[in-house]
Every structure is written in C-alpha cells, then in structure tokens.
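Rule-based calculations on the coordinates, nothing more; no lab input. Values in this document were obtained by computation on a predicted structure and should not be read as measured data. Cβ placement follows ideal geometry from the backbone for every residue including glycine, while neighbour counts extend to all protein chains displayed.
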Amino acid sequence: MRHPPGLKGFLLALGLLLGLLLLSTGAGLLAYFLLEVYLAPPGWTILGVALLVLLPGAVALGRRFPWLTDWYYFLPALSFLLVFTLYPVGLTLYLAFTDYSGKRNGFPDRSTETRVVGQEGPRLLLEAPVREALRCDPCQGETVEVYAEGHRLRARIAQAEGAALLLDRVPPFRAGYVAKVNAFRFVGLRNFAFILSQASQALLPVFLWNVLFAASTVLLNALLGLVLGLILNNKGLKLRNFYRTVLIVSWALPGVITVQVWVALLNYNFGAINRLLGVLGVYPIPWLNDPDWAKVAILLVNLWLGFPYMMTATLGALSTIPDELYEAAKVDGATPWQALFGITLPLLEKPMAPILLSSFAYNFNNFYIIYLLTGGGPAQEGRLATAQSTDILISWAYKTAFSAEGQSAYGLGAAISLLIFAITVAISLVNFRVTGALREVR
Amino acid sequence: MRQTLAVLALGLSLALAQGKITVWTHFGGPELEWLKAQAQAFTKTSGTQVEVVEVPFGDIKQKFILGAPQGQAADLVVSIPHDWLGEMAQAGVLEPMGKYVTQSYLSDLQPVAVEAFTFGGKLMGLPAFAESVALIYNKKYVKEPPKTFEEFLDLAKRFTTGSTFGFLYNIGDPYFNFGFFKAFGAEGVFAKDARGNLDPSRLLIGGEAGEKALQFIKDLRFKYNLVPEGVDYGVADGAFKDGALAMIINGPWALGDYKKAKIDFGIAPFPTPPGAKVPWGPFLGVQGVVVNAYSKNKTAAVNFAKTLVSGRNLVSFNQAGGRIPVSKSAVKALERDPVVAGFSRVFPLGTPMPNIPEMGKVWGPWGNAISLAIQRPDSNVRKIVEDMVAEIKKAIGK
C-alpha cells in the first residue's frame with residue numbers, strides 16, 4: 001500500500017501515531033490502577049506497561065500500513081509534545097472551569113484529622129461531634145478519607161449525626177482516623193464571571209495600558225533601532241564595529257539584573273538619575289512613585305533593553321538591499337534623502353513587518369520588566385491591589401492566582417490565561433490581516 | 001575489594017533496617033552546619049540516616065504541597081514560618097503533632113509560639129524560634145532608647161540632616177507597619193471567635209483604627225518629614241549599615257550584617273504613637289519544624305524534629321546563627337545575650353501573624369492602601385481605608 005498523498009496522508013499518519021500513544025498510555029494507567037488495589041506498584045509500572053503495549057502495537061500497525069514505519073522516527077518528538085505541550089494546555093483548559101487551588105486540591109485536610117473510637121460496618125464513631133471536628137455544614141455528601149497505618153480509603157458521608165458518621169462504603173480495615181477531603185469541583189463559567197465582574201476596576205484599564213505599552217514599546221524601539229541602524233550602515237563611519245558592539249551591550253546583559261539596577265537608578269531621593277537632574281536644576285521626578293511617571297519609566301527602560309534587537313534587525317535587513325539601486329539613484333541625480341525615502345524605507349518595510357508584529361506579541365506578555373521594575377505599582381486609587389497602575393494582563397493574572405486569591409488559585413489563573421490567549425490571538429489575527437504579513441511569511 | 005563490598009552491604013542493610021529520613025532546609029552558613037551536626041548526632045544515637053537537602057526558602061511551600069502526596073517531599077522541613085501553616089495544613093501535607101508531644105514540652109514554650117503553630121485547634125508543627133521587628137538604634141547617636149514619642153521625634157529630627165537620617169524604615173510594607181495599627185486599637189488583623197480561632201469575616205485593621213494608623217504613617221512622611229519618598233527596605237537597611245541612620249524598624253535577620261558593619265546597636269520597642277490607645281506591638285513570626293503527613297518513616301522524623309527543638313539544642317542554634325528561641329529554658333540560658341534580651345522585651349507586646357490562608361487576601365490591598373496614603377500629601381485616608389476593607393471583604397467572602 002502506498003503512502004496516501006497530501007494533507008490526508010499527513011493527518012492519517014498523525015492520527016494513527018497519536019492513537020497508538022494514547023492507547024498505550026491508557027493501558028499503562030489502567031494496569032497501574034488495577035494493580036494498586038492489591039499492592040503498591042512503583043510509578044514506573046505505567047511506563048513499563050505502556051511500552052509493552054506500544055512496541056507490539058507499533059509492529060502490528062507497521063504490518064497493516066507499511067508506509068507508516070517511516071513515521072516512527074516522529075514518535076519520540078510526538079510523545080514529548082504530548083507530555084510537555086498538549087498535556088499542560090489540556091490541563092489549563094480543564095482547570096479554568098474548576099475551583100482548583102492550594103486548599104482545594106483533592107487531598108485530605110489534616111487539620112480536620114479526628115480519631116475514630118468505634119467502628120461497625122460503614123458506621124464510625126468519632127471522638128468529637130462530626131460537624132465541628134470535620135468543619136463541614138452540611139456534612140452529607142462531603143468526601144472524607146478514612147485511614148490507618150498502611151491503609152487509606154476515600155468515601156462519601158451518607159449521614160452524620162452527633163459523633164456518628166455513616167459512610168457509603170465499608171472500610172476493609174480497622175479505621176484509625178478520618179479527615180475531610182478538600183475536594184475541588186466544576187464551577188462552570190464562575191471563574192470567568194469573577195474576572196468580568198472586575199472589568200471596570202481591573203480588566204479594562206489593565207487591557208488598555210497593556211495595548212498602549214506593547215504598541216509604544218514596539219514603536220519607540222523600532223524608531224531608535226532604525227535610526228541607529230541607518231547610521232551604523234554608513235560605510236563612511238569610522239569605528240563602526242566599535243559602536244555596534246557598545247550599542248549591543250544592553251541587549252547582551254541579562255535583563256533580570258539590569259532591570260533591578262534601573263530600580264536603584266530611578267529611586268526618587270537616592271537614585272543617580274534624580275541626583276543628576278538635581279545638578280542640572282531640575283526637580284526630582286517621581287519615576288517609580290507616580291502612576292503616570294512609572295509608565296514613562298517602564299517605556300524608557302524597555303527602550304534601553306530593546307533597541308539593540310531592532311538595530312540588529314535593521315542592519316540585517318539593510319544588508320539585503322543591493323548597492324546597485326543606490327548607484328542607479330545617484331546616476332539619476334537623487335539626493336540622499338530621496339534615496340532614503342524612495343529606496344531604503346520601502347524595501348525595509350517587508351522584512352521588518354513580521355519582526356515588529358512578533359515583537360508586539362512578545363511585549364504584550366512581557367511579564368518580567370513589569371514585575372521587576374515596578375511590580376505593577378505604584379498604587380492607584382479605585383483599582384484592585386492586583387491591578388495597579390502599570391500592571392499588564394499577565395502580571396495581573398500572576399498576582400491574582402499566586403498572591404491574592406488564597407495564594408495558589410490555579411483555577412482562576414487558568415481562566416485568566418485562557419482570556420489572555422484569546423486576546424493575543426485576536427490582536428495577532430487583526431495585525432496579520434491588516435499588514436498582510438502572513439502572506440509575506442509564506 | 002571483598003572487604004569494601006562487605007562493609008557496603010552491611011551499611012546498606014543497616015540503612016534499610018533503620019530507614020532514612022530526608023530534611024529540607026533553607027538554612028545556610030553556620031545554621032546549616034548546625035543542622036548537619038544535629039543530623040550526624042541523631043544518626044549516631046538512633047541509627048537512622050538523615051539526608052539534609054537545601055531548598056530555597058521561596059520554593060519550599062509550593063514544592064512541599066505539590067510533592068508530598070506523590071511521595072516526593074522531605075520527611076520534615078526545618079523550618080517554615082507559621083503563616084504558611086494554614087495553607088499547608090488544608091492542603092493535607094502536615095502531620096498533626098498533638099499526639100506526639102508531652103505537656104511538659106508544651107509548658108516550656110512561650111504561649112504565643114504555641115498559638116502561632118496551632119491551626120483549627122490542632123498543633124501542626126513544633127515551634128523553634130521567633131522573630132519580629134523592633135526599633136533598632138545606633139548607639140553612636142542614641143544613648144538611651146526613647147521612652148515616649150516626643151523623645152523619639154526629638155531624636156529623629158535632630159539627626160535628620162543633609163548627610164544623616166534620624167529615622168527610616170520600609171514604610172510601604174504592611175508587615176513593618178502593623179505595630180501602628182495595633183497601637184491604634186487593632187488587636188490583630190482578624191478577631192478571634194469564641195473558641196480562640198481566627199474569624200476571617202471580622203477584620204480589625206479597618207475602621208477608626210485603620211484610619212488613625214494610616215494617618216500616623218502618612219504623618220511620618222508629610223508632617224514630621226522623617227521618611228522621604230523612595231525609602232524602601234534596601235535604602236533604610238543600607239543607611240543603617242553605613243552608620244548614617246540613627247533609628248530603624250527592622251528585625252533579627254538584619255543584625256548579622258549590622259554586627260559585620262561594626263555598628264553598636266540597641267533594641268527597644270517603638271514608643272507609643274501620639275493619641276494611641278495601647279502600646280506599639282509588632283507582628284510576631286514564629287518558625288518551626290513540620291513533619292510530612294505522607295512520610296514513610298514518621299516515627300524517626302518526629303523523633304528528629306523533637307530533638308531539634310529541645311531547649312539545649314536551641315541554645316546551640318542561637319550560638320550558630322543568633323536566632324531567638326521560643327523555649328523558655330533556652331531564653332533563660334541566653335539571658336545575657338543583648339539581642340535575645342532585647343527581643344524578649346518586644347515579643348510579649350506582639351501579635352502572631354495570622355496563620356489562616358485568608359491572610360493571603362489581605363496583604364495586597366493592605367500594602368496598596370499604605371502606598372496610596374503616602375503617595376500624596378492630600379490623600380484621602382478615610383476613602384482609602386474604606387476601599388481597602390471593601391476589597392478584602394469581597395475577596396474573602398467569595
């Protein structure tokens with residue numbers, strides 16, 4: 001049988017390989033859970049059983065579709081893709097609709113641990129009243145974990161009265177303790193509703209500043225990079241390579257360090273920049289203490305960090321413009337300005353457009369400069385503590401998920417990430433459509 | 001060759017017989033050496049191997065919560081701050097310690113330390129040492145610590161010159177500011193219910209107490225002109241290290257550097273602010289040892305934890321790193337140490353930082369309110385406090 005042609009063949013091969021991988025993983029998991037009832041198998045049992053299914057499976061598939069064997073080289077890459085890309089994406093999607101968090105993580109709450117003093121079938125007698133000991137109200141339907149040395153069992157509470165607890169199943173061992181499980185559950189769209197309920201205090205202003213930040217950063221960096229690139233491309237300039245090396249330094253240094261140095265330089269009373277301005281007779285500027293000046297500070301520092309990239313990109317694009325064009329222009333009597341606006345800039349547009357767009361997408365989620373330079377601050381009246389004057393969407397998501405809402409609100413964080421994903425995709429699509437960059441790239 | 005093999009086999013069988021426990025720690029330097037020495041001593045007496053693994057402080061909580069149920073976390077952690085306790089207990093990874101300790105052990109501990117490590121009415125860890133902020137003064141400028149706010153203001157103003165500062169501290173951080181909220185009437189961040197547990201629905205840092213405290217913090221900048229814009233932890237700490245600052249609010253963690261910089265310092269409580277109802281009292285943080293609820297070798301882990309926090313070992317721990325033990329007998333043995341003596345006058349004024357997870361929803365809005373109040377001289381303190389309370393209530397009520 002021959003390889004089916006075109007897209008159909010590609011999709012068929014991919015489908016078969018994915019099916020094989022998922023089947024063997026499923027078999028591994030199934031075997032693990034079946035074995036778990038009788039003994040405690042080590043984690044790598046899953047891998048072993050999966051390989052036991054995968055190898056004969058691959059041989060059998062190869063007999064049925066002989067052309068597929070070439071595709072087997074793709075299996076390792078595909079399995080990595082499954083584990084490290086598709087699985088987290090799937091998990092994010094799933095968590096966005098749950099209330100999963102550090103304290104609702106599906107594990108028993110050990111501070112509700114209560115000793116079992118009597119046991120008769122599914123009925124347990126606790127040392128204290130159920131409602132207080134397990135901190136549940138109503139207790140019916142809550143999941144609990146019953147355990148003793150070497151045993152554990154999950155069960156639901158069928159009925160609770162006083163210190164007596166009726167479970168929906170009989171523990172097959174002598175119960176020592178019982179604790180409530182912090183179950184997480186589906187909440188539907190509640191995470192999204194919560195985010196949108198903060199729209200006026202968080203989502204909208206943060207979104208506006210986010211777009212402004214990304215757009216101005218790209219514009220400023222591109223302008224400075226363009227000017228410097230044009231100057232450095234001039235062959236008459238002496239010490240060209242020296243300037244190029246010096247100008248690239250800010251790009252070569254790790255930003256994690258330089259941004260923190262900038263924090264010190266921009267300090268209101270003690271920073272070098274305000275002292276310098278003071279010498280020149282200018283009042284100190286509240287770089288990091290005023291909501292508006294902080295935005296300026298961020299754009300300036302990001303310019304310092306980002307212009308070498310644009311400069312290098314410009315230099316690269318300039319080297320693709322053939323010299324004959326300029327010679328022809330000279331012969332026709334064009335001034336240097338006319339050559340710049342007639343030849344250089346139009347020919348730079350096409351190679352630069354995809355770079356500008358990808359730079360926009362990158363800066364749109366440029367978490368580290370915000371987090372390190374201002375931490376989202378300074379505070380602004382009428383805003384939530386998680387969405388301050390310079391917070392962008394991604395830093396807002398980070399603060400919401402990992403510092404505000406009970407410190408590890410993975411469910412809410414996942415929902416915000418999905419929203420950011422949707423926004424970034426929408427903006428990129430509009431960008432590509434407007435500039436036609438997608439066609440150029442192909 | 002054969003002999004080595006025999007020794008190895010013997011060692012292996014011993015290790016298998018006696019088991020092995022893993023300890024995660026964020027200690028470094030002499031404190032890490034102390035822990036390793038303790039581990040060796042424990043191996044000698046009990047035969048249990050102890051492996052000490054260094055984990056960065058900021059990673060411990062997350063790693064432990066995620067790893068413990070999978071069997072991928074240490075058997076015990078030395079040490080966690082008590083304000084992580086609620087979250088870790090609710091995540092189910094901490095072994096309740098009540099059933100392992102004796103009454104005489106508990107009575108040797110300072111009551112606030114036991115309170116700090118109790119969550120939901122259960123002791124979830126063994127407290128080891130405590131820390132809080134206090135007024136630290138440079139004896140070059142300040143001979144006797146100020147008893148009243150007038151004395152304090154007089155000193156602070158006298159030394160605020162072009163090249164020196166009278167008083168600086170990390171003014172934007174609620175942790176450093178809680179003492180003022182307490183002085184103006186907030187006993188804690190949350191009120192306690194009838195059984196002594198913190199009730200997250202009753203917030204105490206709002207209302208009149210919050211307004212007065214915030215106004216006082218604002219006055220430190222705009223009325224008394226002591227703490228100018230741009231002062232953060234780094235600036236204040238650096239100035240004190242350089243000997244250019246007379247008084248700072250800071251904690252025991254900074255004292256090692258001050259000693260190294262040869263600053264002759266003293267420790268005292270901050271004087272009662274003007275118009276305050278009760279004395280200033282800082283947040284008390286207690287660190288202690290916790291045991292993994294999923295540990296395979298719980299008995300050995302608990303025994304090691306108990307040796308670590310025994311009064312005698314806490315004294316040697318203090319000599320290693322200068323931390324202030326919470327055991328009464330250890331404090332008594334160390335009463336001639338000026339740092340231990342200074343802070344044991346401050347601790348009784350303090351309130352343990354809340355250990356319930358709801359506190360995580362307070363820090364953000366609270367810090368925000370303080371930054372807003374000190375941003376401009378005309379900031380509306382009443383509105384700021386109202387917004388703060390509304391935001392916290394909404395987050396907690398959800």
Worksheet entry | Exercise: per-residue mean of other protein chain Cβ atoms within 10 Å, B:117-124 | 3
Response to the item:
log10 I(q)/I(0) for the protein assembly as shown, Debye formula on C-alpha points only (no solvent), q = 0.06, 0.08, 0.11 Å⁻¹, two decimals, reads -0.53, -0.92, -1.43
Response to the item:
Applying the gyration tensor rule to the Cα atoms of segment A:110-180 (axes a ≥ b ≥ c; rounded if a/c under 1.5, else prolate if a/b exceeds b/c, else oblate), the class is rounded
Response to the item:
Expressed in angstrom and rounded, the centroid-to-centroid distance over alpha carbons for segment B:227-275 and segment A:5-53 is 61 Å
Discussion item. Please check: in the Gaussian network model of chain A (C-alpha springs, under 10 Å), which one of A:GLU324, A:GLU381, A:GLU132 has the largest mean-square fluctuation.
Written reply: A:GLU324
Worksheet item: For segment B:330-340, in order, what is each residue's ³J(HN,Hα) by Karplus, 6.51 cos²θ - 1.76 cosθ + 1.60 with θ = phi - 60°, in whole Hz (x at glycine and Pro)?
Response: 5, 4, 4, 5, 9, 5, 7, 6, x, 5, 4
Fill in: Only Lys, Arg (+1) and Asp, Glu (-1) charged, at Cβ; chain A dipole about Cα centre in debye
680 debye
Worksheet item: Got a sec? Charge dipole of the protein assembly as shown, +1 on Cβ for Lys and Arg, -1 for Asp and Glu; which of A:ILE416, A:LEU223, B:GLY350 is way out at the positive end?
Response: A:ILE416
Practice prompt. Tell me which residues come under 5 Å, amide H to amide H, from B:LEU94 once H is placed; ignore anything under 5 positions away on its chain.
Written response: A:ARG110, B:ALA293
Worksheet item: Quick one: Karplus J couplings for segment B:204-215, per residue in order, coefficients 6.51, -1.76, 1.60, θ = phi - 60°, nearest Hz, x for Gly and Pro?
Response: 9, 7, x, x, 5, 4, x, 4, 5, 5, 5, 4
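Can you compute the FRET efficiency between A:PHE341 and B:ASP264 using 1/(1 + (r/R0)^6), with r the Cβ-Cβ distance and R0 = 51 Å? Round to the nearest 0.05.
Numbers: r = 70 Å, r/R0 = 1.37.
The pair A:PHE341/B:ASP264 has a calculated efficiency of 0.15.
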Discussion item. If I build a Gaussian network model for chain B, linking alpha-carbon pairs within less than 10 angstrom, which residue out of B:ASP83, B:ASP264, B:ASP237 has the largest mean-square fluctuation?
Written reply: B:ASP264
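Let me spell out the model: positive unit charges on the Cβ of Lys and Arg, negative unit charges on the Cβ of Asp and Glu, origin at the Cα centre of segment A:52-143. What dipole size does that give, in debye rounded to 20? Please report the intermediate quantities before stating the final value.
Details: 9 positive and 9 negative charges, 62 e Å.
That gives a dipole near 300 debye.
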Worksheet item: In terms of modelled amide H atoms, which long-range or inter-chain residues lie less than 5 Å from the amide H of B:LEU284?
Response: B:THR351, B:MET353
Worksheet item: In a Debye calculation with equal point scatterers on the alpha-carbon sites of chain B and no solvent, what is log10 I(q)/I(0) at q = 0.07, 0.15 Å⁻¹?
Response: -0.36, -1.39
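Return the loop-located trypsin sites (Lys or Arg not before Pro) in segment A:219-288 (DSSP other than H, G, I, E, B) with at most 10 other Cβ atoms within 10 Å of their own Cβ; answer none if there are none. Could you put the intermediate results ahead of the total?
Values: sites: A:LYS235, A:LYS238, A:ARG240, A:ARG244, A:ARG275; in loops: A:LYS235, A:LYS238.
Here the trypsin sites (Lys or Arg not before Pro) that fit, given the DSSP loop and packing criteria, are A:LYS235, A:LYS238.
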Fill in: Length released on extending from A:ARG152 to A:VAL83, taking residue separation times 0.36 nm less the Cα-Cα span
21.9 nm
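Just subtract the alpha-carbon distance of A:PHE242 and A:GLU349 from 0.36 nm times their residue separation and send over the number in nm, one decimal. Numbers along the way, then the final one.
Values: separation 107, 0.36 × 107 = 38.52 nm, distance 2.73 nm.
Taking 0.36 nm per residue and subtracting the Cα distance, the gain is 35.8 nm.
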Fill in: Förster radius 22 Å - calculated FRET efficiency between B:LEU66 and A:ARG190 (Cβ-Cβ, nearest 0.05)
0.35
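For each pair in A:LYS238/A:LYS350; B:LYS212/B:LYS306; A:LYS295/B:LYS192; B:LYS328/B:LYS393; A:LYS295/B:LYS218, compute the distance between the two Cα atoms and list the pairs where it is over 32 Å.
Values: A:LYS238/A:LYS350 29 Å; B:LYS212/B:LYS306 44 Å; A:LYS295/B:LYS192 42 Å; B:LYS328/B:LYS393 38 Å; A:LYS295/B:LYS218 24 Å.
Violating the 32 Å limit, Cα to Cα: B:LYS212/B:LYS306; A:LYS295/B:LYS192; B:LYS328/B:LYS393.
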Response to the item:
chymotrypsin sites (Phe, Trp or Tyr not before Pro) in segment A:119-186 lying in a DSSP loop, each with at most 16 other Cβ atoms within 10 Å of its Cβ, come to A:PHE173
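Note down the relative contact order for segment A:297-393 as a percent, whole number, built from C-alpha pairs under 8 angstrom at least six residues apart.
Details: 46 pairs, mean separation 23.7, N = 97.
For segment A:297-393, the relative contact order is 24 percent.
Run the numbers on chain A and let me know its relative contact order in percent, using alpha-carbon pairs under 8 Å that are six or more apart. Don't jump to the answer; show the numbers that get you there.
Working: 558 pairs, mean separation 70.4, N = 442.
Reported as a whole number, the value is 16 percent.
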Worksheet item: Length gain on complete extension for the stretch B:SER163 to B:VAL55, per 0.36 nm per residue less the alpha carbon to alpha carbon distance?
Response: 34.8 nm
Worksheet item: Of all the Cα-Cα pairs you can form in segment A:6-95, what percent are over 20 Å apart?
Response: 44 percent
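Beta carbons within 10 angstrom, averaged per residue: use that to sort the peptides B:122-134, B:344-356, highest first. Don't skip to the answer; put the middle values down first.
Values: B:122-134: 24.5, B:344-356: 20.2.
Most protected by this proxy first, the peptides run B:122-134, B:344-356.
In deg cm²/dmol and to the nearest 500, what is the mean residue ellipticity at 222 nm of chain A if only DSSP H runs of at least 4 residues count, each as -39500 (n - 2.57), divided by the residue total?
Working: 18 runs with 249 residues, N = 442.
Result for chain A: -18000 deg cm²/dmol, rounded to the nearest 500.
For a quick check of your reading of the filter: which trypsin sites (Lys or Arg not before Pro) in segment B:280-324 sit in a DSSP loop and have no more than 12 other Cβ atoms within 10 Å? Walk me through the intermediate numbers first.
Values: sites: B:LYS296, B:LYS298, B:LYS306, B:ARG312, B:ARG323; in loops: B:LYS296, B:ARG323.
When the trypsin sites (Lys or Arg not before Pro) of segment B:280-324 are filtered for loop state and at most 12 Cβ neighbours within 10 Å, B:LYS296 remain.
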Worksheet item: Tally Lys and Arg at +1 and Asp and Glu at -1 over the other residues with C-beta under 12 Å from the C-beta of B:ALA209: what net charge comes out?
Response: 0
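Determine the shape class of segment A:194-441: with a ≥ b ≥ c the square roots of the Cα gyration tensor eigenvalues, call it rounded for a/c under 1.5, and otherwise prolate if a/b is greater than b/c, oblate otherwise. Write out the running numbers ahead of the final one.
Numbers: a/c = 2.67, a/b = 1.51, b/c = 1.77.
Verdict is oblate for segment A:194-441.
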Practice prompt. Summarise the partner chain shielding of A:267-274 as one whole number: the mean count of Cβ atoms from other chains within 10 Å of each residue's Cβ.
Written response: 4
Discussion item. If the reach is capped at under 25 angstrom between alpha carbons, list the lysines near B:LYS260, excluding any in the same chain fewer than eight residues apart.
Written reply: B:LYS36, B:LYS139, B:LYS140, B:LYS143, B:LYS241
Discussion item. Explain nothing, just the number: relative contact order of segment A:110-180, from Cα pairs under 8 Å at least 6 residues apart, as a whole percent.
Written reply: 40 percent
Worksheet item: Can you tell which of B:PRO338, B:PRO357, B:PRO282 shows the greatest fluctuation in a Gaussian network model of chain B with Cα springs below 10 Å?
Response: B:PRO338
Response to the item:
Sorted by chain and number, the residues with a modelled amide H under 5 Å from that of B:PHE270, at a separation of 5 or more or across chains, are B:LEU135
Item to complete: In whole Hz, with x marking every Gly and Pro, tabulate ³J(HN,Hα) for segment B:276-288 from phi via Karplus 6.51 cos²θ - 1.76 cosθ + 1.60, θ = phi - 60°.
Response: 7, 7, 10, x, 4, x, x, 5, 9, x, 10, 10, x
